[in-house]
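A.B. asks: This structure is in structure tokens; I'll ask about it shortly.
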Amino acid sequence: MIRNVLVANRGEIACRVFRTCRDLGIATVAVHSDADADALHVREADAAVRLPGAAPSETYLRGDLIVAAALAAGADAVHPGYGFLSENAGFARAVTEAGLRWIGPPPDAIEAMASKTRAKELMGVEPLAEVTAGDLPVLVKAAAGGGGRGMRIVRELADLEGALMAAAAEAESAFGDGEVFVEPYVENGRHVEVQVLADAHGTVWTLGTRDCSLQRRHQKVVEEAPAPGLPPALVDELYERSAAVAKAVGYVGAGTVEFLVAGSRAHFLEMNTRLQVEHPVTEEVYGVDLVALQIAVAEGTPLPPDPPAARGHAIEARLYAEDPAAGWAPQTGVLHAFGVPPGPGVRTDTGYASGDAVGVHYDPMLAKVIAHAPTRAEAARKLAHALERAVIHGPATNRDLLVASLRHPAFTDPAALGTGFYERHLAALARKPDGEAYAAVAAALADAARNGGRFGGGWRNLRSRDETRTYGEHEVRYRPARDGGYEVTAPEGVRVVSAAPDRVRLEAAGVVRDFEVSAYEDGTVHVGPYRLTPRPRFTDPRERTLPGSLLAPMPGTVVRLADGLAVGDRVEAGQPLLWLEAMKMEHRVTAPASGTLTALHAAPGRQVEVGALLAVVQTEDQEDQTA
């Protein structure tokens, strides 16, 4: 029997495994980098071990340190979670050779399937050996790992070499393996997968399908079970092929077989020899705990002959600290307040709590919110409502985008699903939600109430000038009223019922609404689900950014510059100049305008904060003015 489990991971998945271990009466051990010393997964474990020496981005890739930590803490088993070393056969062998139990598939099965190139060969699918113009578009893909890291779409042959280099560098950083390969890219196919679970006695379960088509940067954003609208014959084929590949490699434990579905055809992508991020939707539909089943299988317990019956529909949304309207740029900062209100059929898996900081070193996923209901439409409605009511005070997130996605006609109609969802609909989905203008009014009036409540000496016979506050694109103007309250002059049609530092009641078009207002020292103001940033009332002209200045769009590390880039070079608008690594992903930074590179402050290895000056491009107009 397993008595003490070390989770060789961090964040949400470590907390998820610890929860099941507590339910089973199993002790837990966390490992952590210096950056994670105060993380939630460390606080939730019975014991924690610091992994010394390595940089934060490399810490969880040090299998030798993790095995030593397990032995030092008295663990008798290791759960790898997902990502990092979860699909590393060498790590699995090191765990078992140390006398510890591995809560995962046999190393030989990992080795057979963890490399996507070898997995495709096993399934009779050959990657492209030499790419020609007729093969385009193609997808460059990391042979190890997942999560969208090490992936690039190539539509022009001239871009292939750069994509290969970028994907290899990203894969090496994320998984410790820089091998990449090239395969045909199917436009707007559906990403469908099958959950498998096998024991050491020959039983293999196929626990339904999942659709994971809503993706950004090849990373899943919304997942659901079962995959809607698939023909029964295709579902049967997916089950048969998934069970066959599991049996072919002697698989034991939880795993996922992934396919790209185009019409009635299913193209094999890979087998992930680990627990998937989206496993909760399967758990909700089948009423099982996949982590508990992983542990039982690792202990040698046989599975029942058949899995339980499916019931209803479940949808999961990944809540990220990122700005979808700014190229999905990751965000950092303190989560001043964080929580999703509980409710029937609503579940939240997270690695963060109020007061925690979102840093630059790891994936920016804050939580997974899951809704289960009798039908798909009910699950989508329930999930959107839960996300709307979530308290997220801190960095910008994709919450509004998720809510809009769940309500968009192209999501509610399964026939319209595809991996190109955000490419087609992002502009509409990223629009500011209705009600933000009223939230700005509430923020302005709460600020006035917080700072004395009155203007000068209150109401006068002579009309006071309007006070103005601006939040993003919303300008609010107001003045003191005869009754001691406030009168809003812009936007029009808003009547102030009451205003206090933390709560404002407004009436518009006969409808009265309350707004809870929270203001923080970093300048952000949160009004219900709205995150507002006030503009300074007085600006210093010297703080204006010169045209052509290239600023860091996110905090991160400069990993490389464009080949031969030097001051004095001519560059074109949109030309890639350098690459930043943030949260295990590479982000291309391009020239803001056409002209001459007159300053270059970026250098490989340099860490930068958001807004840091990276380079200056003197535009052609500026050149004419100085000639």
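A.B. asks: If I ask for residues that are of a type in the set (A, V, I, L, M, F, W, C) and either more than 18 Å from ALA310 (Cα to Cα) or touching a residue at least 60 places away in the same chain (Cβ under 8 Å) (or both), which ones from the range 349-380 would you list?
C.D. replies: Answer for the range 349-380, where residues must be of a type in the set (A, V, I, L, M, F, W, C) and either more than 18 Å from ALA310 (Cα to Cα) or touching a residue at least 60 places away in the same chain (Cβ under 8 Å) (or both): ALA353, ALA357, VAL358, VAL360, MET365, LEU366, ALA367, VAL369, ILE370, ALA373, ALA379, ALA380.
A.B. asks: Suppose we keep only residues that are within 13 Å of GLY418 (Cβ to Cβ) and in contact with an Asp or Glu (Cβ under 7 Å, 6 or more places away or on another chain) within the range 223-241. Which one would you say is surrounded by the most Cβ atoms within 10 Å (Cβ to Cβ)?
C.D. replies: Residue satisfying both the conditions and the ranking: ALA227.
A.B. asks: Let me ask you something else. Does PRO228 satisfy the condition of being part of a helix (DSSP H, G or I), in contact with a helix residue (DSSP H, G or I) (Cβ under 9 Å, 6 or more places away or on another chain) and assigned by TED's automatic domain parsing to the domain that holds LEU366?
C.D. replies: Taking the combined requirement at face value, the residue does not satisfy it.
A.B. asks: Out of all the residues in the range 303-324, which are crowded, with 19+ Cβ neighbours inside 10 Å and of a type in the set (A, V, I, L, M)?
C.D. replies: ALA314, ILE315, ALA317, LEU319, ALA321
A.B. asks: Looking only at the range 555-603, count how many residues are surrounded by fewer than 17 Cβ atoms within 10 Å (Cβ to Cβ) and under 21 Å from the mean Cα position of the chain (by Cα).
C.D. replies: 1
A.B. asks: Only one of these is in contact (Cβ under 8 Å) with a residue 40 or more places away in the chain and touching a Gly at 6+ places or on another chain (Cβ under 8 Å): GLY81, GLY104. Name it.
C.D. replies: After ruling out the rest, the residue left standing is GLY104.
Conditions (1) within 30 Å of LEU303 (Cα to Cα); (2) in contact with a Cys (Cβ under 6 Å, 6 or more places away or on another chain); (3) assigned to a strand (DSSP E or B), marked per residue:
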| residue | (1), (2), (3) |
| --- | --- |
| ARG152 | no, no, yes |
| ALA158 | no, no, no |
| ALA168 | no, no, no |
| ALA174 | no, no, no |
| GLU183 | no, no, yes |
| VAL186 | no, no, no |
| GLU193 | yes, no, yes |
| LEU197 | yes, no, yes |
| TRP205 | yes, no, yes |
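A.B. asks: Oh, and also: On the basis of being at pLDDT 85 or above, surrounded by fewer than 16 Cβ atoms within 10 Å (Cβ to Cβ), in contact with a strand residue (DSSP E or B) (Cβ under 7 Å, 6 or more places away or on another chain) and over 18 Å from CYS212 (Cβ atoms), does PRO137 make the cut?
C.D. replies: Considered against the rule, which asks whether it is at pLDDT 85 or above, surrounded by fewer than 16 Cβ atoms within 10 Å (Cβ to Cβ), in contact with a strand residue (DSSP E or B) (Cβ under 7 Å, 6 or more places away or on another chain) and over 18 Å from CYS212 (Cβ atoms), PRO137 comes out as yes.
A.B. asks: To continue, here is another question. Restricting attention to the range 399-441, report how many residues are under 20 Å from ALA379 (Cα atoms), out of contact with any Pro (no Cβ under 6 Å at 6 or more places or on another chain) and in contact (Cβ under 8 Å) with a residue 40 or more places away in the chain.
C.D. replies: 10
A.B. asks: Please verify whether GLU87 is touching a residue at least 12 places away in the same chain (Cβ under 8 Å), in contact with a helix residue (DSSP H, G or I) (Cβ under 6 Å, 6 or more places away or on another chain), acidic (Asp, Glu) and part of a helix (DSSP H, G or I), treating the condition exactly as stated.
C.D. replies: no
A.B. asks: Could you go through the range 250-269 and let me know if any residue there is in a helix (DSSP H, G or I) and without any contact (Cβ under 8 Å) to a residue 40 or more places away in the chain.
C.D. replies: Scanning the range 250-269 turns up no residue that is in a helix (DSSP H, G or I) and without any contact (Cβ under 8 Å) to a residue 40 or more places away in the chain.
A.B. asks: Scan GLU278, GLU223 and give me the residue that is assigned by TED's automatic domain parsing to the domain that holds ALA404 and out of contact with any helix residue (DSSP H, G or I) (no Cβ under 8 Å at 6 or more places or on another chain).
C.D. replies: Only one candidate passes the filter, namely GLU278.
A.B. asks: List pairs: first residue in the range 334-348 and more than 22 Å from TYR530 (Cβ to Cβ), second residue among the basic types (Lys, Arg) anywhere in the structure, Cβ distance under 8 angstrom, at least six positions apart or on different chains.
C.D. replies: Listed by first residue and then by second, the contacts come to GLY345/LYS382.
A.B. asks: List pairs: first residue in the range 385-398 and acidic (Asp, Glu), second residue crowded, with 21+ Cβ neighbours inside 10 Å and not in a loop (DSSP other than H, G, I, E, B) anywhere in the structure, Cβ distance under 7 angstrom, at least six positions apart or on different chains.
C.D. replies: Note: pairs meeting the criteria are GLU388/VAL403.
A.B. asks: Looking only at strands (runs of 3 or more DSSP E) that lie completely in the range 478-583, which have at least 1 residues being modelled with pLDDT of 85 or more and touching a helix residue (DSSP H, G or I) at 6+ places or on another chain (Cβ under 6 Å)?
C.D. replies: 486-490, 494-499, 503-508, 511-519, 525-527, 530-532
A.B. asks: Next question. Looking at the range 271-307 only, could you name the residues that are of a type in the set (Asp, Glu) and assigned to a helix (DSSP H, G or I)?
C.D. replies: GLU283, GLU284
A.B. asks: Shifting gears a bit: Anything in the range 304-333 that is modelled with pLDDT under 95 and of a type in the set (Val, Ile, Thr)? List them, or say none.
C.D. replies: Hit for the range 304-333 is THR332, nothing else.
The values are calculated or read from the model by the stated rules, or taken from the named source; none is laboratory data. All values derive from a computational prediction rather than experimental measurement. Here the Cβ is made from the backbone with ideal geometry for all residues, glycine too, and neighbour counts use every protein chain on show.
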